[in-house]
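Enquirer: Below you will find the structure I want to go over with you.
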Amino acid sequence: MILESDKELIDDYIKSKSELSATKIVRKYQNFVYSTALRYLQNYDDADDVAQEVFIKALKYLKNFRGDSSLKTWLYKITVNMVSSFKRKKKFYTVFSNEQDDAYLNIENQDKSPLQAVEDQEFELKLLSLLSTLPDKQRETFALRYFENLSYEEISKLLGTSVGGLKANYFQAVKKIAASYDKIMRI
Amino acid sequence: MEKNYDIYNKMQELLPDYCFNRINEEDKRFFESNIESFPDLQKEIEDVKAVFAKIDELDFDGIISRKTRNLSVKVNKRLKKDKPAVGRSFMKYLVPTFGIAILMFAAFYVFKPGDRLEPANKALPEFMVLNPNDESKLFDSTMTGEELIDLSQYLNNSLTSDDILLASRDTANIEIADNLIMDNIKDADDVFMVGIPSEHYSNILDEIDNVDESDLQGILKDIKNAQDFN
């Protein structure tokens, strides 16, 4: 079911198609869409490209959104589809290109000392690399529960998995991450 | 035993939320009352808390927020760019169509496929279809020697000796006159075969002036018969 606040945003955009109404929708869900794309793509620049495409597509077809699910669920599905499409295209182009993808998690950490920033960056790299080794359902269950703080019922709608299955996935993902603690901490 | 297995499963399902302090009170009480029975889960809790303490320090939310701070601007910019969809899709088809039209125009007017049929016809001089009475007009004194030689290739035996004489007189060039005579006597090489050297041709030409028309025709006929016989 669509949130009341989301309904207002959608109605406002459909009626006015204004830059302000588009900005409100984007700002509300940009972190969610971007982080989802980042988990799948492991690359900040690619995640940015995909996130833009997701919102452009969503705003274009917003008038067709029926409200059967939440706007978040709808955006998540668009993001996952867009990521698949992006990966296919990238795979095709990398066959003919010798470029190495170095735009990988180029973090700007403004509040910490340079040494701490480097240590954190390496830790983040290892953690995200570890997340990428998890099966998709485990990774997404973990990320949506841990980072997005969604309920199991909401995650069930997104991933199409039962609540009991999600709980098992969540435990397995957390256990694997903890088991790799030594590897992660060794910097 | 079965009950313990079910409890163990439930403990596993609650463990992450317990570690991250996102568990409701009822589940929390259940978990804490049963954890003593499962030492492996106790170890698990220690490891998870250690790792995720570090993860929490990374402030993923802050990182993501910094990365997306300009996303709405980029999206709005692209939305504005994509707006004139009709004009852009029209241009998308107009340019290739225009290009193809230019290529077709160039192919038609530059290469002119019809021209390829002409050369064979062009080689034939117009006088190939002249009437017998007009043949004498071929011998135009303004014609060059080379033109006369080329022309001689198309002459047929319908030309009278007078015509030939006329042509030969109008040319001051012995070579041209020779060619005219030879081409109008079939198989001119036969003349050489009878042993007449070429330096006598001018004499022959001079003598032709004094030969009657009927005699000349007779000579030509004899030569022709000789050739047929051979």
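The values are calculated or read from the model by the stated rules, or taken from the named source; none is laboratory data. Because the structure is a prediction, the values reported are computed rather than measured. Here the Cβ is made from the backbone with ideal geometry for all residues, glycine too, and neighbour counts use every protein chain on show. SASA here: full protein model, heavy atoms, side chains in, ligands and nucleic acids out. Shrake-Rupley method; radii C 1.70, N 1.55, O 1.52, S 1.80 Å.
Enquirer: Quick one: is B:ILE64 facing another protein chain (nearest Cβ under 7 Å) and either open to solvent by less than 70 Å² (accessible area, probe 1.4 Å) or at negative phi (or both)? Show your work before the answer.
Expert: On the way: facing another protein chain (nearest Cβ under 7 Å): yes; either open to solvent by less than 70 Å² (accessible area, probe 1.4 Å) or at negative phi (or both): yes.
Yes, satisfied.
Enquirer: Further question on the same structure: Residues of the stretch A:42-62 being more than 10 Å from chain B (Cβ to nearest Cβ) and of a type in the set (A, V, I, L, M, F, W, C), which ones?
Expert: Answer for the stretch A:42-62, where residues must be more than 10 Å from chain B (Cβ to nearest Cβ) and of a type in the set (A, V, I, L, M, F, W, C): A:VAL50, A:LEU62.
Matching residues to (1) at pLDDT 80 or above; (2) more than 9 Å from chain A (Cβ to nearest Cβ); (3) open to solvent by 70 Å² or more (accessible area, probe 1.4 Å):
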| site | (1), (2), (3) |
| --- | --- |
| B:LYS80 | yes, no, yes |
| B:VAL95 | yes, yes, yes |
| B:PHE98 | yes, yes, yes |
| B:ASP134 | no, yes, no |
| B:SER141 | no, yes, yes |
| B:ILE149 | no, yes, no |
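Enquirer: Quick one: what pairs do we get from the stretch B:4-32, first residue touching a residue at least 24 places away in the same chain (Cβ under 8 Å) and under 16 Å from A:TYR170 (Cβ atoms), second open to solvent by 30 Å² or more (accessible area, probe 1.4 Å) and in a loop (DSSP other than H, G, I, E, B), C-beta under 6 Å, 6+ apart or different chains?
Expert: If the second residue must be open to solvent by 30 Å² or more (accessible area, probe 1.4 Å) and in a loop (DSSP other than H, G, I, E, B), no pairs are left.
Enquirer: Still on this model: What pairs come up if the first residue lies in the stretch A:129-153 and is at the interface with chain B (Cβ under 10 Å from one of its Cβ atoms) and touching a residue at least 40 places away in the same chain (Cβ under 8 Å), the second is part of a helix (DSSP H, G or I) and open to solvent by 20 Å² or more (accessible area, probe 1.4 Å), and their beta carbons are under 7 Å apart, counting only those six or more places apart or on different chains?
Expert: A:PHE147/B:PHE60
Enquirer: Out of the stretch A:146-158, which residues are open to solvent by less than 30 Å² (accessible area, probe 1.4 Å), part of a helix (DSSP H, G or I) and of a type outside the set (Ser, Thr, Tyr)?
Expert: Selection gives A:ILE155, A:LEU158.
Enquirer: Taking into account only those residues within the stretch B:1-13 that are more than 9 Å from chain A (Cβ to nearest Cβ) and of a type in the set (Asp, Glu), which is surrounded by the most Cβ atoms within 10 Å (Cβ to Cβ)?
Expert: Going through the qualifying residues, I end up with B:ASP6.
Enquirer: I would also like to ask the following. Go through (1) crowded, with 20+ Cβ neighbours inside 10 Å; (2) under 30 Å from A:THR133 (Cα atoms); (3) not charged (D, E, K, R) and name the single condition A:GLN42 misses.
Expert: Unmet for A:GLN42, out of (1) crowded, with 20+ Cβ neighbours inside 10 Å; (2) under 30 Å from A:THR133 (Cα atoms); (3) not charged (D, E, K, R): (1).
Enquirer: Is it true that some residue in the stretch A:1-21 is assigned to a helix (DSSP H, G or I), within 14 Å of another protein chain (Cβ to nearest Cβ), open to solvent by less than 10 Å² (accessible area, probe 1.4 Å) and at pLDDT below 95?
Expert: Within the stretch A:1-21, one or more residues are assigned to a helix (DSSP H, G or I), within 14 Å of another protein chain (Cβ to nearest Cβ), open to solvent by less than 10 Å² (accessible area, probe 1.4 Å) and at pLDDT below 95.
Enquirer: When residues of the stretch B:14-34 are filtered for being in a helix (DSSP H, G or I) and either surrounded by fewer than 18 Cβ atoms within 10 Å (Cβ to Cβ) or in contact with a strand residue (DSSP E or B) (Cβ under 7 Å, 6 or more places away or on another chain) (or both), how many remain? Can you show your working first?
Expert: Taking the stretch B:14-34 and keeping what is in a helix (DSSP H, G or I), we get B:14-19, B:25-34.
Keeping just the survivors that are either surrounded by fewer than 18 Cβ atoms within 10 Å (Cβ to Cβ) or in contact with a strand residue (DSSP E or B) (Cβ under 7 Å, 6 or more places away or on another chain) (or both) gives B:25-30, B:32-34.
Counting residues in the stretch B:14-34 that are in a helix (DSSP H, G or I) and either surrounded by fewer than 18 Cβ atoms within 10 Å (Cβ to Cβ) or in contact with a strand residue (DSSP E or B) (Cβ under 7 Å, 6 or more places away or on another chain) (or both) gives 9.
Enquirer: Right, something else. A:SER35: under 13 Å from the mean Cα position of the chain (by Cα), surrounded by 17 or more Cβ atoms within 10 Å (Cβ to Cβ) and assigned to a helix (DSSP H, G or I), yes or no?
Expert: yes
Enquirer: A further question on this structure: Quickly run through the stretch B:35-48 and pick out the residues that are under 23 Å from A:LEU130 (Cβ atoms), surrounded by 14 or more Cβ atoms within 10 Å (Cβ to Cβ) and more than 8 Å from every other protein chain (Cβ to nearest Cβ).
Expert: Within the stretch B:35-48, B:LEU41, B:ILE45 meet the criteria.
Enquirer: While we're here: Go through (1) part of a helix (DSSP H, G or I); (2) out of contact with any Leu (no Cβ under 9 Å at 6 or more places or on another chain); (3) modelled with pLDDT of 90 or more and name the single condition B:VAL48 misses.
Expert: With respect to (1) part of a helix (DSSP H, G or I); (2) out of contact with any Leu (no Cβ under 9 Å at 6 or more places or on another chain); (3) modelled with pLDDT of 90 or more, B:VAL48 is out only on (2).
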